[in-house]
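Everything below concerns the one structure shown next.
The values are calculated or read from the model by the stated rules, or taken from the named source; none is laboratory data. Note that the structure is a prediction, hence the values are computed from the model and not measured. Cβ coordinates were reconstructed from backbone atoms using ideal geometry, including for glycine residues, and neighbour counts include every protein chain displayed.
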Amino acid sequence: MTHEIRETAPPNEPENNWRQYFKFNTDHKAIAVQYMVTAFIFFLVGGLLAMLIRAELITPALNVVDRPLYNGLFTLHGTIMIFLWIIPFNAGISNYLVPLMIGAQDMAFPLLNAISFWMIPPGGILLISSFLLPNGTAQSGWWSYPPISLQIPPGQPINGECLWIISLVIIGISSIMGAVNFVTTIFWMRAPGMSFFRMPVFVWSALSAQLLQLINLPALTGALILLLLDLNFGTQFFKPLENGDPIIYQHLFWFYSHPAVYIMALPAFGIFAEVLPAFSRNPLFGYRSLAVASLGIALVSIFVWVHHMFTSATPSWMRILFMFTSMLVAVPTGVKAFGWTATIWKSKLHLETPMLFAMGGAAMFLLGGVTGVMLAAVPFDIHVHNTYFVVGHFHYIVFNTITMAIFAAIYFWFPKITGRMYAEGWGKLHFWLTFIGANLTFFPMLPLGLQGMVRRISSYDPQYQDGNVISSLGAFLLGVSTLPFIANMVGSWLYGQRAVNNPWHATGLEWTTTSPPPRNNFAEIPVVKRPPYDYGNPKYSVIEPTESDEQRRREIWER
Amino acid sequence: MPKFLEYLLIAVVIAILLALSRWIGQQAYTWMPIQATAEAQKVDDLFSFLVSIGAFIIFVLLGMMVFSIIFFRAPTNDYSEGHPSRGDIRLEILWTATPTVLVLWLAFQGVNIYQQLHILGLQQIVQLPTPLESAAAYAITTGEKPKPAAETIEVFVKQWDWSFRYPNNVISQELHLPVNLRTRLNMHAKDVLHSFYVPDFRLQQYIVPGRNIDLVVTPIRPGKYKLKDALFSGTYFSLMDADVLVESPEQYNQWLTQAQQELATNQNQAVAEYTQPPTTMLKSGWYTVAPSQEGIAQENYVKNDT
């Protein structure tokens, strides 16, 4: 495969040019950092909202925020964490890794890539600015089900709901453009010899996730535009008392928003598949089946959305059909979990911070996955639907699995991205605070939900207080846990020890180039002659400081 | 260690984990609220079964991870290979086939229990405005017909309260149900979507404005329970609780006649809160739909139902 050089920038720009991150830049690595840092700022905002929610729920009575504000808090918490934290972060880490992992010099469409990123900050700021409106933010939950989402202050066309819809459409268009870019890059920009079955599982996961964005996201964008028409222009698509159908909105919404869970989770699974082999010194067990399982998850997940609507006046045949499809997701997901465990089994474990986060995330994913299969069972779902059992389940996925994977990725590739090492002790402290905080926060939600505590309530029966107190304390611990992380990242980026090209002795093309990589990623486009995860190869275990990086790369990739 | 001893050890560990998972599955009954309907028993059986299987999977995989952390640690700076195996096709087929069989089994259990609930009452959930012929055809194809309900109670829900109209036109804010009798709840929503949810009944159903939605319940245990709105319905959503009283048929009839003589008094928590200034630390003062004092059963607005 030939490879065009799209940028004529010098191969090695000055390394500490921090200004490049604040301007319009077409280098996929700079865009990736822009995405990741922006997303992390939104994570902090979403986390603050979560702590306010948990502060309210520490007592049964309403005493911290009034009810409209509470409703705005959980609406924006969910929206920010999904659309401004996990999805853009995944776009960022995929942006960084995909071209490096497949041996490309940049993404297929660098300009489109930059435009996709630059739509995120205005979208996010617009959303958060709705706190400043006289009647505040959207207050109908991140689902924004009509007709509740259409109940707006009379005579105020610019209201929180309106801004919510507009910012989500902007972010959605950004994601669609990003998806076009990722899919094209993975199909057409692979280095010579990089066949599909030599691609790391992370690339497979990113490909599967981005295909889902292409197929499913337009449904949400369309539904949101119809909702905006209903809201501000007097149409009646979703108004039940004017011959509209609110249930159709639910179908369109979940047609995207269930696959969205896999759009968020697949890159996390990809991160596990990179980190676990590197720190267990084993080849990834069952590479091919794990790679194909990514596509399998994507395919099945297109046909499961109705399981969010088992109680929405859904006919029986539909309930039963979607119970089967939803449970089938457990098969490719199970293949992944078994593959990770088999990779760790009989290994030589190194428990550095990235590995702690990856193993912690994979372990907590087991509970998230098992509760997910339970929820697919219609009779049980009818009981716990809209309760804290569901809230606990999906936070085990979105926080305890995906956010843990994101932290694993940050620590794992930090030396590559910044050219410096992070502080290991601070990393471990961050891990333990996060791991304990996450379980304290989200585990009590499961029994609370079984007992019938309904989600989104701002005051509750005193019988539920014990679990809520534990959960709130856990949430404050999670808030504290970000402090050592921020200190570590900022301090290490500025003053950390210089990183070598491959500090983890890992396989993968990204480790053969310098840390950080030059503008065009590789001095020469590598020719790939080996399978991924080649941890049995002694070249990855021997450290020979006398050997130059250039020599080693040539040996490994046999240009 | 001889091969057979290794297999024996694995078999013993699996047996212990199976027993432990079974025990946890039994415990699962105690995590649930009181079983106040026949449906509740079925749902709890299914939950216990799901917990047993889930616990076993978690124990095996988590056990392998913890075992690895304890016994497979590498000395510092030893980056040599751990175990060169890249895969084992038999193992991979096994762990693809096992979950497939397992989830199919779970799904069939789910269908099985769902069918039983269906006969108990879930069947009549939605009456879409379909032509008579197709409605009749549907009834034939769905097989076993549920017994007719002994009593029909109309449920009205709005932002933010519930009210109930009984066959003798008594209107109340409490839901009274006769024990061991099938009662049809004919549900109407005025403004937005709501969800009828009594945790002790293990039943939940969305109520869509403009649609005529039925739910049949057969409570089997006298007592006082709580009805909740499970689907977010706006500002005073948290206040949407109503009492559910399951009584013997005699007590139920006695209450009906007694209530007929009393004048219905409306107590609406949302109205009470709306008219008071908020006492919270942070006050946003954002717009909210004003709750109306009027009980909606009296308003008799539900004209577009089929």
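A compact table of results
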item	result
Residue satisfying all of: in the stretch A:343-379; small (Gly, Ala, Ser) and more than 7 Å from chain B (Cβ to nearest Cβ); farthest from A:Leu266 (Cα to Cα) among these	A:Ala376
A:Phe357 being aromatic (Phe, Trp, Tyr) and over 18 Å from the mean Cα position of the chain (by Cα)	no
Subset of the stretch A:381-396 [buried (at least 24 other Cβ atoms within 10 Å of the Cβ) and hydrophobic (A, V, I, L, M, F, W, C)]	A:Val384, A:Phe389
Scope the stretch B:198-214; condition crowded, with 21+ Cβ neighbours inside 10 Å, under 18 Å from the mean Cα position of the chain (by Cα) and either farther than 14 Å from B:Gln35 by Cα or among the small types (Gly, Ala, Ser) (or both); matching residues	B:Gln204, B:Gln205, B:Tyr206, B:Ile207, B:Val208, B:Ile213
Filtered residues of the stretch A:494-504 (kept if crowded, with 20+ Cβ neighbours inside 10 Å and more than 26 Å from the chain's Cα centre (by Cα))	A:Ala499
Qualifying positions in the stretch A:415-460 - of a type in the set (D, E, K, R) and over 30 Å from B:Ser238 (Cβ atoms)	A:Lys416, A:Arg420, A:Glu424, A:Lys428
Qualifying helices (runs of 4 or more DSSP H) (wholly inside the stretch A:18-107; at least 1 residues being free of Cβ contacts under 8 Å to residues at least 12 places away in the same chain, more than 14 Å from chain B (Cβ to nearest Cβ) and within 23 Å of the chain's Cα centre (by Cα))	A:28-56
Check on A:Gln497, modelled with pLDDT of 90 or more and closer than 30 Å to B:Gly234 by Cβ	no
The one condition in (1) in a helix (DSSP H, G or I); (2) surrounded by 17 or more Cβ atoms within 10 Å (Cβ to Cβ) that B:Glu81 fails to fulfil	(1)
Options A:Leu207, A:Leu212; residue that is buried (at least 21 other Cβ atoms within 10 Å of the Cβ), in a helix (DSSP H, G or I) and in contact with a Pro (Cβ under 9 Å, 6 or more places away or on another chain)	A:Leu212
Residues of the stretch A:369-403 that turn out to be outside any helix (DSSP H, G or I) and without any contact (Cβ under 8 Å) to a residue 60 or more places away in the chain, as a count	1
Output for the stretch A:447-458, where each listed residue is surrounded by fewer than 23 Cβ atoms within 10 Å (Cβ to Cβ) and either basic (Lys, Arg) or more than 8 Å from chain B (Cβ to nearest Cβ) (or both)	A:Arg455, A:Arg456
Candidates B:Val60, B:Val66 - the one that is surrounded by fewer than 19 Cβ atoms within 10 Å (Cβ to Cβ), in a helix (DSSP H, G or I), in contact (Cβ under 8 Å) with a residue 24 or more places away in the chain and more than 8 Å from chain A (Cβ to nearest Cβ)	B:Val60
From B:Ser134, B:Ser68, residue being more than 30 Å from B:Leu256 (Cα to Cα), at pLDDT 90 or above and of a type in the set (Gly, Ala, Ser)	B:Ser68
Condition check for A:Gly155: on the phi > 0 side of the Ramachandran plot, within 14 Å of chain B (Cβ to nearest Cβ) and in a loop (DSSP other than H, G, I, E, B)	yes
Index of the failed condition, A:Trp340 passing every other in (1) more than 7 Å from every other protein chain (Cβ to nearest Cβ); (2) closer than 30 Å to B:Tyr197 by Cα; (3) in contact (Cβ under 8 Å) with a residue 60 or more places away in the chain	(2)
Among the candidates A:Ala298, A:Ala278, residue that is more than 14 Å from every other protein chain (Cβ to nearest Cβ), out of contact with any Lys or Arg (no Cβ under 6 Å at 6 or more places or on another chain), crowded, with 24+ Cβ neighbours inside 10 Å and modelled with pLDDT under 95	A:Ala298
Selection count, the stretch B:182-212, where residues are aliphatic (A, V, I, L, M), under 25 Å from B:Ile113 (Cβ atoms) and more than 7 Å from chain A (Cβ to nearest Cβ)	4
One residue from B:Glu6, B:Glu92 being among the acidic types (Asp, Glu), more than 27 Å from A:Gln463 (Cβ to Cβ) and more than 10 Å from every other protein chain (Cβ to nearest Cβ)	B:Glu6
The stretch B:72-86 residues that are within 7 Å of another protein chain (Cβ to nearest Cβ), paired with ones that are surrounded by fewer than 14 Cβ atoms within 10 Å (Cβ to Cβ) (beta carbon under 9 Å, 6 or more apart)	B:Tyr79/A:Val542; B:Tyr79/A:Ile543; B:Ser80/A:Pro538; B:Ser80/A:Val542; B:Glu81/A:Pro538
Hits in the stretch B:25-37 - residues which are crowded, with 18+ Cβ neighbours inside 10 Å, away from chain A (no Cβ under 11 Å) and part of a helix (DSSP H, G or I)	B:Gly25
Close pairs from the stretch A:529-546: first more than 9 Å from chain B (Cβ to nearest Cβ), partner in a loop (DSSP other than H, G, I, E, B) and at pLDDT below 80, Cβ under 9 Å, at least 6 apart	A:Lys529/A:Glu558; A:Arg530/A:Asn537; A:Arg530/A:Glu558
